[in-house]
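Structure first, then comments.
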Amino acid sequence: MLHFSEDPGITEFCPHVAMTARQSDPYVWAVDAAQAPAYWFPRQCPRAMAWVVDVTTEADRRAVFGAMGEKRVHVIEYGWAERFRTARLYAYRLPLGPFAPIGERVPYAWVAAETVVPLGPPEPVGDLLTLHQQADIQLRFVNNLWTFWDAVTTSTLGFSGIRLRNATPR
């Protein structure tokens, strides 16, 4: 299990109710390796993401990816470009034991209802742009996320949005 933070000094993670939580139970939140790229951003950075899934039509794939071979794209606003470029992000490794998946069909995160101590000190994740390149994830900068968000949420692509409340208004 992984938790990403700009704070390299966390010694334990205590359950809490996140400001954006859809449930009222306090949890410690983590992600697995498959969901990690969605967190290769400064914490408050709004981002919209899309990826090819089994039901994605060729028309939707081409509309978002064009002739490119990538199967995942992350989109942020230009206003966050400098913060993205200079962010120092750390990965905490957490024990799997106390965590359970959360999400309907496919887990989008893992939660623990008890305090969790990291398995060791956090590791710097390095340059966020390089991480995206090495993972073959398109990274796009736009003036406003909402046009992209509206397109992917009405498509056959898989999608996710994080911290959208921090995006430039429509």
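Scan segment 120-149 for residues that are within 18 Å of R170 (Cα to Cα) and β-branched (V, I, T) and jot them down. Correct list: V142, T147.
The test for being surrounded by 15 or more Cβ atoms within 10 Å (Cβ to Cβ), among the small types (G, A, S) and more than 27 Å from T156 (Cβ to Cβ) does not hold for G97. Annotation: of all residues in segment 33-42 being of a type outside the set (A, V, I, L, M, F, W, C) and at pLDDT 95 or above, the one that is farthest from R93 (Cα to Cα) is P42. Residues in segment 104-124 that are over 15 Å from A18 (Cβ atoms) and either of a type outside the set (A, V, I, L, M) or without any contact (Cβ under 8 Å) to a residue 12 or more places away in the chain (or both): 12 in all.
Filter segment 84-133 for residues that are charged (D, E, K, R) and either assigned to a loop (DSSP other than H, G, I, E, B) or touching a strand residue (DSSP E or B) at 6+ places or on another chain (Cβ under 8 Å) (or both) and give the result. Scanning segment 84-133 gives R88, R93, E104, R105, E114, E123, D127.
The values are calculated or read from the model by the stated rules, or taken from the named source; none is laboratory data. Owing to the predicted nature of the structure, the values given are computational and were not obtained by experimental measurement. As a convention, Cβ positions derive from the backbone with ideal geometry for all residues, glycine included, and neighbour counts pool all protein chains shown.
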